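To keep things clear, I will list the structure first and then write my remarks on it.
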There are 4 protein chains.
Amino acid sequence: MSAEQQQITQRKQDHIQAILEDPLIERRSDFEQIRLMHRALPELDFAKIDSRCEFLGQAIAFPFLISSMTGGAADNFATINRHLAEAAEACQVPMAVGSQRTMIHNPSAEASFRLRQYAPSVPLIANVGAVQLNYGFGYDEIQRAVDCLEADAIYLHLNPLQEIIQPEGDHNFARLADKIADLKNRLTVPIILKEVGAGLSPSDIQLGLDAGIEWFDLAGRGGTSWSRIEAHRSQNNLGLTLQDWGLSTTENLMLAHPFLPQAQFIASGGVRSGIDMAKAIILGAKMVGAAAPLLPPAMHSTAQTIAKIEQFKQELQAVQFLLAIEKLDDLHCNSDLILQSPWHSMLRQRG
Amino acid sequence: MSAEQQQITQRKQDHIQAILEDPLIERRSDFEQIRLMHRALPELDFAKIDSRCEFLGQAIAFPFLISSMTGGAADNFATINRHLAEAAEACQVPMAVGSQRTMIHNPSAEASFRLRQYAPSVPLIANVGAVQLNYGFGYDEIQRAVDCLEADAIYLHLNPLQEIIQPEGDHNFARLADKIADLKNRLTVPIILKEVGAGLSPSDIQLGLDAGIEWFDLAGRGGTSWSRIEAHRSQNNLGLTLQDWGLSTTENLMLAHPFLPQAQFIASGGVRSGIDMAKAIILGAKMVGAAAPLLPPAMHSTAQTIAKIEQFKQELQAVQFLLAIEKLDDLHCNSDLILQSPWHSMLRQRG
Amino acid sequence: MSAEQQQITQRKQDHIQAILEDPLIERRSDFEQIRLMHRALPELDFAKIDSRCEFLGQAIAFPFLISSMTGGAADNFATINRHLAEAAEACQVPMAVGSQRTMIHNPSAEASFRLRQYAPSVPLIANVGAVQLNYGFGYDEIQRAVDCLEADAIYLHLNPLQEIIQPEGDHNFARLADKIADLKNRLTVPIILKEVGAGLSPSDIQLGLDAGIEWFDLAGRGGTSWSRIEAHRSQNNLGLTLQDWGLSTTENLMLAHPFLPQAQFIASGGVRSGIDMAKAIILGAKMVGAAAPLLPPAMHSTAQTIAKIEQFKQELQAVQFLLAIEKLDDLHCNSDLILQSPWHSMLRQRG
Amino acid sequence: MSAEQQQITQRKQDHIQAILEDPLIERRSDFEQIRLMHRALPELDFAKIDSRCEFLGQAIAFPFLISSMTGGAADNFATINRHLAEAAEACQVPMAVGSQRTMIHNPSAEASFRLRQYAPSVPLIANVGAVQLNYGFGYDEIQRAVDCLEADAIYLHLNPLQEIIQPEGDHNFARLADKIADLKNRLTVPIILKEVGAGLSPSDIQLGLDAGIEWFDLAGRGGTSWSRIEAHRSQNNLGLTLQDWGLSTTENLMLAHPFLPQAQFIASGGVRSGIDMAKAIILGAKMVGAAAPLLPPAMHSTAQTIAKIEQFKQELQAVQFLLAIEKLDDLHCNSDLILQSPWHSMLRQRG
Ligand SMILES: Cc1cc2nc3c(=O)[nH]c(=O)nc-3n(C[C@H](O)[C@H](O)[C@@H](O)COP(=O)(O)O)c2cc1C
Ligand SMILES: Cc1cc2nc3c(=O)[nH]c(=O)nc-3n(C[C@H](O)[C@H](O)[C@@H](O)COP(=O)(O)O)c2cc1C
Ligand SMILES: Cc1cc2nc3c(=O)[nH]c(=O)nc-3n(C[C@H](O)[C@H](O)[C@@H](O)COP(=O)(O)O)c2cc1C
Ligand SMILES: Cc1cc2nc3c(=O)[nH]c(=O)nc-3n(C[C@H](O)[C@H](O)[C@@H](O)COP(=O)(O)O)c2cc1C
């Protein structure tokens, strides 16, 4: 392994360590600001609650996605990825991998991304940083990333904040939209544009739509903060100063609403329960992703990872039941389920 | 006693223990967000303040109801219920019992519900979970519950959240509205629909009205949280995740307002003083109930229970006096008594 | 002294003790929610700032009033009152005494109210509870209270909350408005209606105006809470439950605004600085009173009391200077001095 | 040195000590209430981000100004000023000095202000309190202050709050506007009107414009509080009571907005990062100043001072990048960059 490759591997280890240790990493998102309308008489049998849906043309168990985390030339990366992939298969949910840039330069990292063997029947999503299109990556490299996973789609992640916090970061984000459009025309699998914790603004979504992209993972503020994590690693002040930069996941869903149904949204960033999932779907998300909550179980075993994913599912189904929503479809964009504060109208009415 | 019956009895003991020990059980409701208009010159004699009213056609001392708590095949359940019933009689207020499902299967539990001997002259309310109509209960079982108490009405409680938190819970809430309507047509005493801590949404109230129900106990969020209590018992994550689910009692009253006067409301859940009672009545409640505040005195003695109920009455009468409301009737739905923040109008006026 | 008189004296001692010891007695009012518009170029000489005004036809140094506190048959009451009266004279501000009911029944209490000798040239205000008009007091008793002080006006305080908290309280507040009107027609000095910490509602002010009263001391919530103090003395739950009952002084000023200029307002309750004074005057008060802040210095010496009063004056003058208001008159009802949050308009404008 | 001069020197030492020690000195401004719109696809190369601009006709590196701090007849004042001046030169940003009143009376203080030698190519700003125009200062004294620095402009600071807190303060702020207008007509360098921590109200700005002034340093509330600092020195209650008086820097920018472009604004007071800088510029500031954050490094060395200034620049450039703003000019008054809370519109839309 080259010195540069060793450095990248070390960086990834540091990230995982920082996320596990940072007591603030489970920071409060603003999902709890949205409240839902309880039904005491749901007129439903809980056993009939159905959370199944489709993603990328395949049937899945519920609209949950294992967000991009890791992969690379170290044993624990491969182990984490295997546990995640086996759990994805067992739970019948899609899984995305961490950035595959490393494996393009370092073939020994490839093994950690060969996950189709563990997850033969669920959607897998490859992952490369979009900025790499300005640093030597083109169709060939991207296709290799997809092929290694036998992926059903590829995440191009957009992480300008993370890159400028890193001393060794790639800083040239110029003219990426055109390159993404070109790539889109050549790749056979769909591209999903994705932030990594600061959200996608309406202008970003518009650029994506213009480039022919249909899927967007908002990956908003409220969960893992890369700015904060990079600061841990480098004692870098800039990272701490900017740790709360960006659009929260709920804000982002509301800002993205006008782009429906032309654009399809995955919500991630700070999703910590099936209640959060239900709220994201009500606000317009088709799929909901989580990363940090799965890291501790995935470091341990497939069984623990499955248990965590099943907990999200149990919670989502409980909420569907309490909202009297038998079929998942009836949750999507159903703003009648949002409890509007009667305090406002009481105060208004008397003026 | 069968093993199943022993398990149910143990569960009820655990609930009581959890409610007594949980430091969070006296959580803040949002009653304090409503403020009332003080009168310095009430032009009243405090001695003439009158809080008497009618409930179920009977005269009672003030609009307070001992909410459903317990009953079953254990000595302390019978003792608590006797203390409550004696205090109800002494204070001339109505009393409801906890779920009587247990006594249908286990005759030894019946004694704890035979309270007419202790409370000959006040309304008593029987109690069965509505979901039992999907699990073998019909007119006969319900009538037995009523008869045992010589009850003046029966609560059918709706507790979908509590049931799905319980591993052994009854999960089929389908087609209950029709069965409630049938029951209504056969029973001689009125049915009161009641939640147990998450509130009744407008859709629920509408279903109830369509089934011919006139009385509703909102039993909202803000006091005892069954989701939280079940979590105590079972280390169940789902219960903690959902512990704050539902409509608060004050919100619920505001949402229910449009159904007046066709529907009549009992407000419970987080009522902790006569001030809260006055606010609930101003917001539209005809009766106000409390459970958890009465548990400690009822475990101790009839005298302590009476003292607690008299404290609610003293506080309600103090508030009536300070609002210059001699007769209770003038409190009901009297929104002129609500203090609208002059801050808003000051800020608005200057734009 | 009769047993009853001794009890009253002891009660007053207990009150003073409670106010001195209660760490919560300096509770936050909401004066700080009002913000004023700073002037960097006031175009004034601070030495020329003029806070003088008139009260009850007499010139005073600034619109500050020593609110009613004490008096009675004990040495320390007389001492406190002498210190207050000497400081009033030295600072040229008016002073009110505590309730004089005690001296009507107990001549030995009179001496503590004979304050004209210490304060020959400032307005003095007598004080009796209006409710006493239902308990044997009439023109004669009230006139005796006025005469003892050689008072320029008399406070009739309205304290329904305080009376019902006291076990020995006087509870009949019926038909007081008519009796106040009668009294008004016979007395030669003006009557000022006053609460004692819960504020006067618009209905109360209207009743007062109808009875021919022109002056009102709002005495709102935010400072001394009699409900809380009585609770201290009696371990009475009702007092604690109601300790935050009432209209805050600032709210009360805004609610009272429509009655200007027919009614004239004294603001008291939680006034703790000359900044609070300025805000009260801007919101419509003609005079501003404080009690609790003067108790510790008045227990010590005239000099300390003077220092405290001069601090209020220095602060008021600083604020006048920073608002570019040379003459006090230009402060009164000058709502242009209130800083309207530009945050609101910024957010509104972009909607 | 005269006794009076020694006293002034001691006062300045005390100020510096108080600012260094006061744990509250880094109090929260309200910059964080403004949120900006993140761009995930900025379509820019971070290396091309350009923060250069002009100030007083000269090119500077970025819109940062070292705010007025010190100078006087003591070695450490001269050292601090030399470090600041050398850093200003190295970073190519303008610098202002503290009040030069002392050097008019005390020639030995002059050396600390002779900074042109250390900062030959950046704008330097002289500084005198405007109130001195009422205490013997005229054209000659002001010109001497300018000449000593070879300044490009002069701050006339307006500090009515600070002066009245100081026992020895100058209290006559009458008719200053006319004297400022006269001075303006005679001086060859521009006058900048500046508060010292309480902001400039619209009326103040209007008076300044009428006097022919174009530049205003708002110096608002949220950072260094002179009222608080003087209180430290003198145990003066007035200072603590008024420590939060004034307009916050962000509020002040919004209130000043209608005066653009006739007036030009420098924002200072509580600016603690390049994020704050960007927000101030978006709200209408042309330049942004900071004082307290530079005091500790300036007491130590030129190198540490440079590092601190470069940190502000790095942060401002990061924010420009994340907002997709290549050139600084596109930041100024660009309210499209402000994130309007989508919460409001969601709640509104459903009413
Ligand atoms: C340990 C860890 C590693 C991650 N690595 C990547 C990555 O390599 N590429 C990427 O696009 N996102 C990465 N993410 C970000 C998540 O995929 C996702 O964007 C984020 O919204 C998930 O938020 P959450 O951690 O709050 O659930 C990582 C997150 C974590 C916790
Ligand atoms: C110890 C305890 C047992 C309860 N048991 C029942 C029950 O068996 N059936 C029922 O309908 N509600 C039951 N409740 C709920 C109350 O009757 C009521 O719904 C609730 O709103 C009272 O709220 P509070 O405890 O905050 O006053 C119970 C409450 C407590 C505290
Ligand atoms: C020690 C003390 C005794 C008081 N006694 C009386 C009283 O006898 N009669 C009365 O009208 N108000 C009395 N008050 C209330 C004040 O006069 C006044 O109504 C109140 O608003 C002053 O508020 P503050 O203490 O927050 O400044 C008393 C207040 C205090 C602190
Ligand atoms: C140590 C110190 C000394 C200061 N001395 C002066 C001064 O002599 N003249 C002046 O106009 N402002 C003076 N200021 C105020 C600042 O120049 C400026 O007005 C203020 O807004 C900077 O705010 P900040 O300290 O929060 O960054 C001083 C500030 C500090 C921290």
Per the helix-only model, chain C has a calculated mean residue ellipticity at 222 nm (DSSP H runs of ≥4, -39500 (n - 2.57) each, divided over all residues, rounded to the nearest 500) of -12500 deg cm²/dmol
Which of the residues in region B:250-293 show a loss of at least 20 Å² in accessible area from their chain by itself to the complete set of protein chains, at a probe of 1.4 Å? B:Glu251, B:Met254, B:Leu255, B:Ile275
I'd like the Karplus ³J(HN,Hα) series for region D:99-110: coefficients 6.51, -1.76, 1.60, θ = phi - 60°, whole numbers in Hz, and an x wherever there's a Gly or Pro. 4, 9, 3, 3, 6, 5, 8, 9, x, 5, 7, 4
Log entry, pair D-C: total buried accessible area, probe 1.4 Å, protein chains only, in Å² rounded to 100, is 3300
Note to self: with every protein chain in place and a 1.4 Å probe, region C:21-176 gives an accessible area per residue in Å² of 34
Listing of region A:147-162 residues, each with accessible area lower by at least 20 Å² in the full protein assembly than in the chain alone (probe 1.4 Å): A:Leu158, A:Pro160
Of the candidates A:Gly274, A:Ala177, A:Leu253, the farthest towards the positive dipole end of region A:162-293 (Lys/Arg Cβ +1, Asp/Glu Cβ -1, centred on the Cα centre) is A:Gly274
Pick out, in residue order, every one of the GluC sites (Glu not before Pro) in region A:108-206 that is DSSP loop and has at most 16 other C-beta atoms within 10 Å; say none if there are none. A:Glu150, A:Glu168
About its Cα centre, what dipole magnitude does the protein assembly as shown give when the only charges are +1 on Lys and Arg Cβ and -1 on Asp and Glu Cβ, stated in debye to the nearest 20? 60
Return the percentage of antiparallel bridges among DSSP beta bridges fully within the protein assembly as shown, rounded to the nearest 5 %. 15
Cross-link partners of A:Lys194 among lysines (Cα-Cα below 24 Å; sequence separation of 8 or more within a chain): A:Lys12, A:Lys179, A:Lys184, A:Lys279, A:Lys286, A:Lys308, A:Lys313
Rounded, prolate or oblate for the protein assembly as shown? Axes are the square roots of the Cα gyration tensor eigenvalues, ordered a ≥ b ≥ c, and the cut-off for rounded is a/c under 1.5. oblate
Rounded to 10°, Cα long-axis angle of helix B:3-21 versus longest principal axis of chain B: 30
Return the whole-Å distance between the Cα centroid of region C:1-76 and the Cα centroid of region C:119-168. 18
To the nearest 10 Å², what's D:Arg35's accessible area with a 1.4 Å probe? 70
Carbon/sulfur fraction of accessible area - chain C, other protein chains in place, 1.4 Å, %: 46
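In debye, nearest 20, what is the charge dipole magnitude of chain C about its Cα centre with +1 on Lys and Arg Cβ and -1 on Asp and Glu Cβ, if you could check? Before the final figure, lay out the partial values.
Working: 29 positive and 40 negative charges, 100 e Å.
The calculation lands at about 480 debye.
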Using a 1.4 angstrom probe, figure out how much accessible area region A:274-343 has per residue, in square angstrom, rounded to the nearest whole. 29
Pop out a list of residues from region A:38-60 that are at least 30 Å² less accessible with all the protein chains around than in their chain alone; 1.4 Å probe, no ligands or nucleic acids counted. A:His38, A:Arg39, A:Ala40, A:Leu41, A:Glu43, A:Asp45, A:Phe46
When DSSP beta bridges are limited to those with both residues in chain D, what percentage is antiparallel, rounded to the nearest 5? 15
Region B:182-287: C-alpha gyration tensor shape, a/c 1.5 cut-off, then a/b vs b/c: oblate
Could you state how much accessible area A:Asp330 has, in square angstrom rounded to the nearest 10, with a 1.4 Å probe and all protein chains kept in place? 80
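The values are calculated or read from the model by the stated rules, or taken from the named source; none is laboratory data. Bear in mind that the values here come from a model prediction, so they are computed numbers and not experimental data. Heads up, the Cβs are rebuilt from the backbone with ideal geometry, glycines too, and the neighbour counts pull from every protein chain shown. SASA here: full protein model, heavy atoms, side chains in, ligands and nucleic acids out. Shrake-Rupley method; radii C 1.70, N 1.55, O 1.52, S 1.80 Å.
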